[in-house]
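Down below is the structure, laid out as structure tokens.
Read the figures in this text as sums done on the coordinates, not as results from a lab. Note that this is a predicted model, so its numbers are computed, not measured. Heads up, the Cβs are rebuilt from the backbone with ideal geometry, glycines too, and the neighbour counts pull from every protein chain shown.
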Amino acid sequence: MARWPGIVAAVAVALAGCGKRHPADKVTYVADDDPRMNAAVAKARAAVGTFIAALKAPRPGQSAFSVKAAFADGGNTEHMWLSPVSYDGTNFQGTVNNVPEKIRSVRMGQRVTVAPAKISDWMYVENRRLVGGHTLRVLRDALTPAERADFDASVPFVVE
């Protein structure tokens, strides 16, 4: 199961526009032993084949393919979205689409490679509906009703 030591999870910035601060670009700290977050990571990893199939042959209405991966340096770990992302049959390649808060081992706009077993989430949008986004859903569920309404208004997809 993924550990989340001092995790920082930036929510939905992959869809918010590169380099712009956006209401959905909220940094959220999650305990490393959070059972809901660890279950979401496990679910994302277990279903990564669904994501890979869609990424390799997207249907009309499917867009905004992204994966989330952990990056560590020192005692800090941040989970950040990579977008755009591709898959070469073995690994994902993508561009870091978050500005790291505490780590310096990667930077926004850097191209990185991540094995499917190492991702912490994946997502895409299909006909304005979020597909995947398992960790994003956990974070969204923890918001107050007002924060959730602000989040929902700030992203270009519907979370069902």
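Fully extending the segment from Asn127 to Asp33, taken as 0.36 nm per residue of separation minus the present Cα-Cα distance, adds 30.4 nm. Counting every other Cβ atom within 10 Å of each residue's Cβ, Val112, Val96 order from fewest to most as Val112, Val96. Placing +1 on the Cβ of every Lys and Arg and -1 on the Cβ of every Asp and Glu, with nothing else charged, gives segment 46-160 a dipole about its Cα centre of roughly 280 debye. Between the listed residues Gly74, Gly109, Ile119, the Cα displaced farthest toward the positive end of the dipole of segment 7-147, a dipole computed from Cβ unit charges relative to the Cα centre, is found at Gly109. Extension gain for the segment Asp141 to Lys56, taken as residue separation times 0.36 nm less the Cα-Cα distance, is 27.6 nm to one decimal. Put in order of Cβ neighbour count within 10 Å, fewest first, the listed residues Phe151, Phe65 become Phe151, Phe65.
Can you tell me the alpha carbon radius of gyration of segment 7-147 divided by the globular rule-of-thumb value 2.2 N^0.38 Å?
Taking the Cα Rg and dividing by 2.2 N^0.38 Å, one obtains 0.97.
Within the shell defined by Cβ-Cβ distances under 10 Å, the residues around Asp121 carry a net charge of +4, with Lys and Arg each +1 and Asp and Glu each -1.
Here Lys68 is the anchor, and the aspartates and glutamates within straight C-alpha reach of less than 12 Å, apart from those fewer than 8 places off in the same chain, are Glu78, Asp121.
Sparse packing (at most 14 other Cβ atoms within 10 Å of the Cβ) combined with a DSSP loop state is found for the following trypsin sites (Lys or Arg not before Pro) in segment 62-114: Lys102, Arg104, Arg107.
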